Amino acid sequence: MRRWLALVLLLAAAVARAEWLPPRLDRLVNDYSGVLSAEQAAGLERRLVSFADSTSNQVVVVITPTLEGDDEQSAAQRLGERWGVGQSRFDNGLVILIKSKTPDEDWGAVALATGYGVEGALPDVFCKRIIDDRMLPALGEGDYYGAVVAALDVVEPAMRGEYSFGQYRDDERRAALRALLPLIVFFVAVIVALVLYYKKHPDQWNNTGRGGGGGGGIYLGGFPGSFGDGRGSSGGSFGGFGGFGGGSFGGGGASGRF
Amino acid sequence: MCWWHNKKAVAALVLIKIGTLMKKGTVVVVAIVAVVAVVAMWAIGVNNRLVTHDENVQKAWAQVENVYKRRMDLIPQLVSTVQGAADYERSVLTEVTNARAGVEQSAVDASTLSEEQVRAYQQAQDRLSKAVANTIKVTVERYPELTATQGFRDLQTQLEGTENRIAVERGRFNEAVQAYNTALRRFPASLLAGVFGFHKKGYFTAPEEAAEPVKVEFNF
């Protein structure tokens, strides 16, 4: 009797906690919300297929209007596990799950779920940074495509093993420095110009009262413009996606809301 | 082609030969030996199947311990991070430290994993979960300047990731235990399981907050 009751309770708990899982199709970009244009979806698919072909890493993008009450992080993990994203030998899959904003559910969420094998290349903290720094700003403006591309630009080199979290952090620091560079150059130029000017006209150093004196032309060098990183996607082979490899997911990754 | 190549014929000949050679008592003995052999084969099969399931449970358990260990390793970092804040509430930190010590004491014998052991282990770990969650909650509520630091946010992400992993590995462990317990208690095999020293293993139960909506008193 007691056992039966426990079983019923267990079932009730399982029903109460919705488990969202879309059907598996043999493609890497799954836009159930219809927020990507046909060309964008096809372009992403090509990019991910060629990435999968060249590295065996599988990245799946799923955009859905609803999670049916499920938590985005566990939904992404479950999807990766059940679909078998990544190769079973390496567990090198990544799920990028975005719950889009809809009139009914006015909140958006994004979750990255990493397979066991890529937890090293994409630690949770790294995933969180990618979401906070690169995806959420674009998602906040409703730019789903931009958010996915911004994530892939960092994720792909990391998964390929070319790029580590440490390098990403250094890059961020360098980017911050680059943003400050025009300012620094400006101040240095002003100081240099002033020094040169007063060296040439030492008599003007203390003339606060008397007017006169030709205005010295102060040349400020042109600022070095800061360039946005122009890393584009590399469209590769046109072959279709060969199918999921049975990778396993242990709950790694991070999530955020917008 | 020689006659012994016809297997059926050979078998029939051998049986006739045995029949003519043996007395009644011998037939009985042979029959018993045959039955014993069949039973022994079956028992070996049952044993091997249970061993396989047992191995899977232990593998899953190792993963559970792994992810819990990961959290244990993060806790000193959490404590030292929040400790830096002036007038940080001692009672919150004491609770975390005590809960961590409690977990260290609740060692489990991986080869047994009885229901009592798993329950005790879970209780100690859940207490630590609650203490960690409480620490983060208090910090977010009362020490906003600390929450704003990258160090704290990274730590929070890592702890969240660890909780996710714990949930996943606990689920896998439960699946492995379910397969084991089912194999153990299915009828003919259940006769032997005890003899071979296989005993029922414990499950992790759902975390308390998930079970909250369903409140039933067990008074029988």
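On the range A:121-189, 59 percent of the accessible area sits on carbon and sulfur atoms, based on a 1.4 Å probe.
Over chain B, accessible surface divided per residue gives 62 Å², non-protein components excluded, 1.4 Å probe. Placing a label point 7 Å from the Cα of B:T94 along the Cα-to-Cβ direction, the residues of the range B:116-153 whose backbone N falls under 16 Å from that point are B:131, B:135. Counting only residues at least eight positions apart within a chain, or on another chain, the lysines with an alpha carbon under 28 Å from that of B:K137 are A:K99, A:K101, A:K128, B:K69, B:K215. A dipole drawn for chain B from +1 and -1 charges on Cβ atoms has a positive end, and of B:T149, B:V82, B:A124 the residue lying farthest that way is B:A124. Inter-chain Cβ neighbour count for A:245-258, averaged per residue, equals 3 (cutoff 10 Å, partner chain atoms only). Annotation: lysines with alpha-carbon distance below 30 angstrom to B:K8 (same-chain offsets under eight excluded): B:K17, B:K23, B:K24.
Note on chain B: with neighbouring protein chains present and a 1.4 Å probe, carbon and sulfur make up 61 percent of its accessible heavy-atom surface. All Cα-Cα separations within the range B:63-200 were binned at 5 Å from zero, giving a P(r) of 2, 9, 17, 19, 15, 11, 9, 7, 5, 4, 2, 2, 0, 0, each value a whole percent of the pairs. Considering chain B as a Gaussian network with a 10 Å cut-off on Cα pairs, which listed residue, B:N56, B:N134, B:N174, attains the greatest mean-square fluctuation? Comparing B:N56, B:N134, B:N174 in the GNM, the peak value goes to B:N134. A simple spin-label model places the labels of B:Q123 and A:R27 5.4 nm from each other, with each point 7 Å out along Cα-to-Cβ. Sequence-distant contacts, meaning Cα pairs under 8 Å at least 6 residues apart, place the relative contact order of chain B at 30 percent. Chain A and chain B together bury an accessible surface of about 1700 square angstrom, both sides counted, with a 1.4 Å probe and no ligands or nucleic acids included.
Of the residues B:F198, B:F152, B:F187, the one that moves most in a GNM of chain B with alpha-carbon contacts below 10 Å is B:F187. Looking at the range A:72-145, the chymotrypsin sites (Phe, Trp or Tyr not before Pro) that sit in a DSSP loop and have at most 14 other Cβ atoms within 10 Å of their own Cβ are A:W107. Across chain B, the longest run free of exposed loop sites, meaning trypsin sites (Lys or Arg not before Pro) lying outside DSSP classes H, G, I, E and B with no more than 15 other Cβ atoms within 10 Å, spans B:24-185. Just checking the listed ones, B:A62, B:A148, B:A11: in the Gaussian network model of chain B with Cα springs under 10 Å, the one fluctuating most is B:A11. The mean count of C-beta atoms from other chains within 10 Å of the C-beta of residues in A:125-134, rounded to a whole number, is 3.
Ranking A:I98, A:A147, A:G84 by how far each Cα lies toward the positive end of the dipole of the range A:26-148 (charges on Cβ) leaves A:G84 at the top.
The values are calculated or read from the model by the stated rules, or taken from the named source; none is laboratory data. This structure is a prediction, so every number in the text was calculated from the model and none was measured. Neighbour counts run over all protein chains shown; Cβ positions are idealised from the backbone, glycine included. Only protein heavy atoms, including side chains, enter the accessible area calculation; ligands, DNA and RNA are left aside. Shrake-Rupley method; radii C 1.70, N 1.55, O 1.52, S 1.80 Å.
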